[in-house]
């Protein structure tokens with residue numbers, strides 16, 4: 001099999017797999033609403049490892065933002081190693097575990113320790129309905145069609161994160177199915193429209209390091225893009241909260257740095273300062289935003305034009321970035337299907 005074949009196909013399959021994920025959500029929508037309304041939860045914990053820990057970051061931000069209930073994301077290893085620090089029988093907790101395989105040791109063990117040390121219920125988000133993690137949970141959302149041949153996550157991550165977006169909206173009493181229904185065709189349009197940009201930037205071998213910036217729920221997506229760039233291109237890659245860029249990270253930026261800014265229009269007046277500083281330092285810039293209109297010298301942009309609020313469109317920021325990173329890895333002779341090779 002030609003290197004990169006699986007990853008490329010998995011990136012392009014996301015519109016169809018997202019439709020499957022939304023079908024899984026709709027099949028469980030009533031049960032999820034009942035779980036939340038009857039659970040009396042005082043807090044929500046989300047956990048995963050690697051990519052799925054970053055999905056948990058996105059989910060925690062959105063759940064707390066939408067419901068007002070405290071929500072936190074943890075690496076599963078932290079919950080496994082320090083269960084008595086984090087789990088309490090005094091506070092009713094919803095634990096949301098996220099794992100592509102449903103067999104990740106730390107995540108499965110965290111779910112088991114939760115039952116021993118905490119009060120509440122657990123919900124699994126995975127790509128394997130017959131996995132130990134799914135069996136451990138009170139309720140499981142499994143997108144089996146999102147399984148991958150590649151080691152690096154693309155469609156599995158985005159499909160599970162889409163389910164976390166749906167959970168946040170549902171827990172807030174909003175019509176998640178209606179709000180999210182347009183995402184698959186939007187993703188298909190963006191992949192088709194921006195493939196030439198992804199190929200052009202992907203072939204730019206003058207890039208020597210990557211920096212991804214995002215605020216709020218977009219920070220978790222910036223971290224995931226960072227991990228994809230790091231593990232598939234083997235170049236240095238960093239992720240920061242957008243305004244944290246101005247407090248130290250700016251000093252590593254050079255004309256050979258690609259700075260990717262995931263821009264929130266609600267924060268644009270503040271966040272654009274990071275882009276201006278990076279541009280002054282000669283960096284290449286790629287800005288992902290809803291409205292666009294920010295292209296300039298050494299600055300490209302991806303305009304989502306979704307018409308959706310941030311809590312519904314967040315995952316749309318990722319597919320074209322995945323494609324860009326894929327082309328970077330291929331141009332450097334790497335195998336995105338098997339990172340490190």
_in contact with a strand residue (DSSP E or B) (Cβ under 9 Å, 6 or more places away or on another chain), surrounded by 15 or more Cβ atoms within 10 Å (Cβ to Cβ) and assigned to a strand (DSSP E or B): which single residue out of 60, 56, 73 fits that description?_
73
_Residue among 305, 312, 222, 283 that is over 24 Å from residue 8 (Cβ atoms) and touching a strand residue (DSSP E or B) at 6+ places or on another chain (Cβ under 7 Å)_ = 283
_Tell me whether the stretch 110-131 contains one or more residues that are surrounded by 17 or more Cβ atoms within 10 Å (Cβ to Cβ), closer than 24 Å to residue 229 by Cβ, out of contact with any helix residue (DSSP H, G or I) (no Cβ under 6 Å at 6 or more places or on another chain) and in contact (Cβ under 8 Å) with a residue 24 or more places away in the chain._
no
*Evaluate the stretch 224-238: report whether one residue or more is surrounded by fewer than 15 Cβ atoms within 10 Å (Cβ to Cβ) and modelled with pLDDT of 95 or more.*
yes
*How many of the residues in the stretch 104-130 are more than 18 Å from residue 161 (Cβ to Cβ), out of contact with any strand residue (DSSP E or B) (no Cβ under 6 Å at 6 or more places or on another chain) and in a loop (DSSP other than H, G, I, E, B)?*
1
*Mind listing whichever residues of the stretch 143-189 are surrounded by 24 or more Cβ atoms within 10 Å (Cβ to Cβ) and either out of contact with any helix residue (DSSP H, G or I) (no Cβ under 8 Å at 6 or more places or on another chain) or not in a helix (DSSP H, G or I) (or both)?*
143, 152, 153, 154
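Each row is one residue, and each column tells you yes or no for (1) in a strand (DSSP E or B); (2) outside the structural domain of residue 163 (by TED's automatic domain parsing); (3) under 18 Å from residue 140 (Cβ atoms).
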| residue | (1), (2), (3) |
| --- | --- |
| 32 | no, no, yes |
| 66 | no, no, no |
| 78 | no, no, no |
| 95 | yes, no, yes |
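Out of all the residues in the stretch 307-341, which are assigned to a loop (DSSP other than H, G, I, E, B), surrounded by 18 or more Cβ atoms within 10 Å (Cβ to Cβ) and within 20 Å of the chain's Cα centre (by Cα)?
Quick first cut of the stretch 307-341, residues assigned to a loop (DSSP other than H, G, I, E, B) only: 307-309, 318, 332-341.
Adding the requirement that they be surrounded by 18 or more Cβ atoms within 10 Å (Cβ to Cβ) leaves 318, 334-337, 339.
Within the stretch 307-341, 318, 336, 337, 339 qualify.
Going by the structure shown, is residue 304 within 29 Å of residue 340 (Cα to Cα) and at pLDDT 95 or above? Full working, then the answer.
Working: within 29 Å of residue 340 (Cα to Cα): no; at pLDDT 95 or above: yes.
Here the answer is no, as residue 304 does not meet what is asked.
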*Mind counting the residues in the stretch 276-303 that are surrounded by fewer than 19 Cβ atoms within 10 Å (Cβ to Cβ), in contact with a helix residue (DSSP H, G or I) (Cβ under 9 Å, 6 or more places away or on another chain) and assigned to a loop (DSSP other than H, G, I, E, B)?*
5
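Taking residue 99, is it assigned by TED's automatic domain parsing to the domain that holds residue 170, in contact with a strand residue (DSSP E or B) (Cβ under 8 Å, 6 or more places away or on another chain) and under 28 Å from residue 322 (Cβ atoms)?
Numbers: assigned by TED's automatic domain parsing to the domain that holds residue 170: yes; in contact with a strand residue (DSSP E or B) (Cβ under 8 Å, 6 or more places away or on another chain): yes; under 28 Å from residue 322 (Cβ atoms): yes.
Yes: the conditions hold for residue 99.
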*With the condition kept exactly as written, say whether any residue in the stretch 39-50 is surrounded by fewer than 19 Cβ atoms within 10 Å (Cβ to Cβ), out of contact with any helix residue (DSSP H, G or I) (no Cβ under 9 Å at 6 or more places or on another chain) and within 22 Å of residue 133 (Cα to Cα).*
yes
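The values are calculated or read from the model by the stated rules, or taken from the named source; none is laboratory data. These figures come from a predicted structure and were not determined experimentally. Cβ sites come from the backbone with ideal geometry, for glycine too, and all protein chains shown count toward neighbours.
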